[in-house]
There are 2 protein chains.
Amino acid sequence: MPSLLVVGTGLMGTSIGLAATAAGYDVRLDELDAHRLAMAEAVGAGHRWAPGERVDLAVVATTPAAVAPMIARLLHDDAAGVVTHVCSVQSKPEDDLESLDGLDGRFCGSHPVAGGERSGPGTATSTLFEGRPWLVCPTPVSTPSSVATVARLAADCGADVVEMSAAEHDRLLAVLSHLPQLVASALAATLTGLPDPQVALAGTGVRDTTRLADSSPGLWAEIVSANPAAVTSALQAFLSPLLELRDTLATADPTAVTAAVSQLVADGQAGRGRLTGKHGQQPVVWATVSVGVRDRAGQLAQLLADAATTGVNVEDIRVDHAPGAPTGIVELSVSPDGADRLHRGLSSRGWTATTTGAADPRT
Amino acid sequence: MPSLLVVGTGLMGTSIGLAATAAGYDVRLDELDAHRLAMAEAVGAGHRWAPGERVDLAVVATTPAAVAPMIARLLHDDAAGVVTHVCSVQSKPEDDLESLDGLDGRFCGSHPVAGGERSGPGTATSTLFEGRPWLVCPTPVSTPSSVATVARLAADCGADVVEMSAAEHDRLLAVLSHLPQLVASALAATLTGLPDPQVALAGTGVRDTTRLADSSPGLWAEIVSANPAAVTSALQAFLSPLLELRDTLATADPTAVTAAVSQLVADGQAGRGRLTGKHGQQPVVWATVSVGVRDRAGQLAQLLADAATTGVNVEDIRVDHAPGAPTGIVELSVSPDGADRLHRGLSSRGWTATTTGAADPRT
């Protein structure tokens, strides 16, 4: 199996080390912070790299700003046959590398779409990439063998390899990740002006819509600055109907407002409908069975155990804590065909349930 | 107990009928659609109203546009001692009522914050309002006894009564509900331009942020048109930092972009931090224990059953389906103090878990 050098042992680097070790790679680790390096070694992500040791593949998993200089150095020293990184932006590191005179066939960018808001080697796991997309982004000069080496690592880590150009990657992530982050933050920021007793009245809608706003300002500043063109374009596409709506509201013409809101919400439904399926499957609209529970350990387990006895597969769960009450509502998403069976099964075990979207609505 | 007339037997009206019947009210039902009326009667929400019968309290639970004329008629006919409605906008019905010459002390607006995206009498339940806020909005001329009658119905239905003016209500709901809806719709609409294989790469971030976009265009057109001033103001507050960011991105000054994004994301964190607590409690930051599961009936139940044996209370659950794989990640939110105990308990039962935000980080 190939030898692999992982530079930077945060969540990403350590998880790659763990997954590659499990797949039989001979993994070496490099990290400036001695404590983090020791931690990554201790959890079994690999052994420390001796400068000068040459590897088949190097993965740079540092913060975005440090990526290009590190890649340039590894290529210059011929420390690795192929070099990649794992940033959520691709064009910027490629451009930086070119200006460092380091762009050659041995480099190919990549981005495992996994990990979310977690960080640090203590949160790493060998299964982080299982079934996740790992985007592989060749430069115009990447050799086929470099691309294949990076793609093989991704596949060996359990990921689904999807190849696209750096520009395509950055446009896609701007829409799927960078824009939603900015929108969630701006929406959450509007809550700061409300008095406490009023904020406490917030329901699940605004909670879901602002969940991303928990993310780190520093990391996102770095990501957005590294992808300005694609973020600008996604932001403009997002803002355009809202600016139109603002102007329509200013005309105080109720017919025009009604038309503008109907169109906006209908367009949103169309976009949202494209999200609901899994990878490569038709989108599915789930039915929802909502159940009242007490807010205590064991209640959720009992509910799902009772649900399991009905044989209906629970596809998604949402827990909605009612403000000011020791009770909550748990929404179980199931296939429309199974909703009625689940509902009846839960009712017979004493749960209070309501159902929407069942194939055969209860009348 | 008082006699109650419910006009309109959709989800709201039928649920009020069920809850009030359970609380001992003598409930009468009125509904234009004979099928819906029969359904509401059949589920036990009350008995059909004979025109001319006088009640102590009437609740108008029709679509927003039909509310004011119906209230005016009930007051004109002296069919009820007190009349209220249950719309998610308050000033518009009040103004409409005034222009119909129907505003007097017997009217007091109200809005139970419950029900979400469900609709129809088949989804009604007597527990819909338990522990939920029910906003009571007196007009300047509502008599204290009218306000008390409406508040008593809300409390008898199990809701938490919160009194505020119609203007205050409309400003609050614009921020907590109407704006998030428009934002989620506009964000989801940006997905319509992506090719299918790319949309399939979407993660939980964009899914959570666009969940509200499933809502009905017609209903939302009616709500936003009825609350134009407050929606305009909330929309402007939301758009302002994003327009600034767009302009900053146009300057191509990386330092300025970094500063603008940091500020926006930090402001979002601050707003989001105010949401995480429950009614009247301090906000809590949960630790997250993430566990890999197979996507099958019973797995979730087994996981939560194993979690329950640790005695750690699971506060929230999120199921993240990995695209293209039969596995998924379940995120369990627990108190930072309990995260480590839960993690060890699950690991000892064979689950693969990672933890973030624990009080005592694993090293």
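The values are calculated or read from the model by the stated rules, or taken from the named source; none is laboratory data. Note that the structure is predicted; figures quoted are calculated from it, not measured. Cβ atoms come from the backbone with ideal geometry, glycine included; neighbour counts cover every protein chain shown.
Report, by residue number, each residue of region A:316-347 that is of a type in the set (D, E, K, R) and either out of contact with any Gly (no Cβ under 8 Å at 6 or more places or on another chain) or modelled with pLDDT under 70 (or both). Step through it out loud before you land on a result.
First pass over region A:316-347, keeping only residues of a type in the set (D, E, K, R): A:316, A:318, A:320, A:331, A:337, A:340-341, A:344.
Result: A:Asp316, A:Arg318, A:Asp320, A:Glu331, A:Asp337, A:Asp340, A:Arg344.
Within region B:134-169, restricting attention to residues that are in a loop (DSSP other than H, G, I, E, B) and not β-branched (Val, Ile, Thr), which residue is surrounded by the fewest Cβ atoms within 10 Å (Cβ to Cβ)? Show your work before the answer.
Within region B:134-169, the first condition is being in a loop (DSSP other than H, G, I, E, B), and the residues that meet it are B:139-143, B:157-159, B:164-165.
Adding the requirement that they be not β-branched (Val, Ile, Thr) leaves B:140, B:142, B:157-159, B:164-165.
Values: B:Pro140: 8, B:Ser142: 23, B:Cys157: 25, B:Gly158: 21, B:Ala159: 27, B:Met164: 19, B:Ser165: 16.
My answer is B:Pro140.
For B:Val183, state whether it is within 20 Å of the chain's Cα centre (by Cα), modelled with pLDDT of 95 or more, farther than 26 Å from B:Val319 by Cβ and within 7 Å of another protein chain (Cβ to nearest Cβ).
Values: within 20 Å of the chain's Cα centre (by Cα): yes; modelled with pLDDT of 95 or more: yes; farther than 26 Å from B:Val319 by Cβ: no; within 7 Å of another protein chain (Cβ to nearest Cβ): yes.
Against the criterion (within 20 Å of the chain's Cα centre (by Cα), modelled with pLDDT of 95 or more, farther than 26 Å from B:Val319 by Cβ and within 7 Å of another protein chain (Cβ to nearest Cβ)), B:Val183 does not qualify.
Going through region A:221-242 one residue at a time, which ones are within 8 Å of another protein chain (Cβ to nearest Cβ) and either surrounded by fewer than 15 Cβ atoms within 10 Å (Cβ to Cβ) or basic (Lys, Arg) (or both)?
A:Gln236
So in region A:243-276, with the set limited to residues that are facing chain B (nearest Cβ under 7 Å), among the small types (Gly, Ala, Ser) and within 19 Å of B:Val206 (Cα to Cα), which one is surrounded by the most Cβ atoms within 10 Å (Cβ to Cβ)?
The residue in question is A:Gly268.
Look through region A:134-167, keep the residues that are out of contact with any Cys (no Cβ under 8 Å at 6 or more places or on another chain), under 27 Å from B:Leu187 (Cβ atoms) and free of Cβ contacts under 8 Å to residues at least 60 places away in the same chain, and return whichever of them is farthest from the other protein chains (Cβ to nearest Cβ).
Top of the filtered list is A:Ala159.
Pairs under 7 Å by beta carbon, first residue among the aliphatic types (A, V, I, L, M) in region B:69-81, partner assigned to a loop (DSSP other than H, G, I, E, B) and buried (at least 19 other Cβ atoms within 10 Å of the Cβ), six or more apart or different chains?
B:Met70/B:Thr62; B:Ile71/B:Gly102; B:Ala72/B:Gly102; B:Leu75/B:Gly102; B:Leu75/B:Arg106
Filter region A:337-355 down to the residues that are farther than 16 Å from A:Thr309 by Cβ and either without any contact (Cβ under 8 Å) to a residue 24 or more places away in the chain or crowded, with 18+ Cβ neighbours inside 10 Å (or both) and list them by number. Explain how you work it out, then say what you get.
Kept after step one, since they are farther than 16 Å from A:Thr309 by Cβ, are these residues of region A:337-355: A:337, A:352, A:354-355.
Matches in region A:337-355: A:Asp337, A:Thr354, A:Thr355.
Take the residues in region A:199-220 that are within 7 Å of another protein chain (Cβ to nearest Cβ) and in a loop (DSSP other than H, G, I, E, B), then tell me which one is surrounded by the most Cβ atoms within 10 Å (Cβ to Cβ).
The qualifying residue surrounded by the most Cβ atoms within 10 Å (Cβ to Cβ) is A:Thr210.
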